[in-house]
Amino acid sequence: MKPGVDFAAVARLDLAEVVRSRWLAICLALYAGLAGIFVAAGLRESGVIGFTGLGRALFSLCHTLVLLLPLVALVATGQVVNRARDEGTLELLMSQPIRRDRYLFAILAVRFGALVLPLLAIFALLGVVGAAWSGAGAAAGIAARASALCAALLFAFTSIGLLISVRVRSPARANAYVILCWLAGVALVDFALIGAMLRWQLQPRAVLLLAALNPVQDARLGLLSAGGVDLETLGPVGFYLVQTLGPDGLLALGVVWPTILGAAAFALALRAFRRFD
């Protein structure tokens, strides 16, 4: 088989499964529905206070997505490999001249693309509409920043979901790990970290390290730091980090660290897939 043919074959099969299960339609409807709700509220405010209302609506939309996207990515990938293993599809595919690394790369590419492409389209549309409405490029800047942060976050949790799917053979246990991973990501935000520090007498440096290691927190702070540096918006941990790193440093952290985490999770999934399947 020619190089890349096996990748394309698996990608076509998985894309057909994604389309059949309506993941593309679900993601597009979810993103468009949230965007419509928040932007409609922002446009109502903008008639009184100008672009500020729409800008705040975009920030609220992105903040909601930062908390929701990890769960969507984990659900989309947490059952892919173990379901194929149980149904016998994986055994059938592995009997063909298909390399295991290309199989997993194809699954990652298709699932990540199905999650991120509708989101990027929505953000691009919002950037154009916001720029036309306000006559300035602020909405486009917010949309571009949010696109980079959300894409990195989706990549991280798509890879983590694949790791769960490869390592956990029981579908019920895989669902439990998916929920636990999502809860761990969204729970370790500023006030939860401060509560943990007070309850277990953690050192402030440990709290800041936990905050920096959490990709959800990094994406949230990278997004919110562009809207102004104040304690009420960022929280105590985020306020300290933005004062230390700056808005551009938090943006880099929110993009680079989830990407590194996703690459590491995928490498672990690939290693386990080669050894145990």
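The values are calculated or read from the model by the stated rules, or taken from the named source; none is laboratory data. Small disclaimer: the values here were computed from a predicted structure and weren't measured. As a convention, Cβ positions derive from the backbone with ideal geometry for all residues, glycine included, and neighbour counts pool all protein chains shown. Keep in mind that these areas ignore ligands, DNA and RNA; they rest on the heavy atoms of the full protein, side chains included. Shrake-Rupley method; radii C 1.70, N 1.55, O 1.52, S 1.80 Å.
Quick one: Karplus J couplings for region 251-256, per residue in order, coefficients 6.51, -1.76, 1.60, θ = phi - 60°, nearest Hz, x for Gly and Pro?
Going residue by residue, I get 5, 4, 4, x, 9, 6 Hz, with x marking Gly and Pro.
So, R0 is 30 Å and r is the distance between the beta-carbons of residue 173 and residue 121; what FRET efficiency does that work out to, to 0.05?
With a Förster radius of 30 Å, E is 0.30.
Using θ = phi - 60° and the Karplus form 6.51 cos²θ - 1.76 cosθ + 1.60, what ³J(HN,Hα) does each residue of region 260-269 get, whole Hz, x for Gly and Pro?
Calculated HN-Hα couplings, in order: 5, 4, x, 5, 5, 5, 5, 4, 5, 5 Hz.
Applying 1/(1 + (r/R0)^6) with R0 = 30 Å to the Cβ-Cβ distance of residue 19 and residue 264, what FRET efficiency is obtained, to the nearest 0.05?
Given R0 = 30 Å and the Cβ-Cβ separation, E is 0.50.
If I stretch the segment between residue 256 and residue 183 completely, what's the gain in nm (0.36 nm per residue apart, minus their alpha carbon distance), one decimal? Working shown, then result.
Numbers: separation 73, 0.36 × 73 = 26.28 nm, distance 2.19 nm.
Length gained between residue 256 and residue 183: 24.1 nm.
Between beta-carbons, use under 13 Å as the cut-off and find the net charge around residue 185, counting Lys and Arg +1, Asp and Glu -1.
Value of the local net charge: 0.
Which order do 266, 7, 112 take when ranked by solvent-accessible area (1.4 Å probe, heavy atoms of all protein chains), largest first?
Values: 266 15, 7 75, 112 50 Å².
I get 7, 112, 266, largest accessible area first.
What is the sum of charges, Lys and Arg at +1 and Asp and Glu at -1, for the other residues whose Cβ falls under 15 Å from the Cβ of residue 171?
Net of charged neighbours comes to +3.
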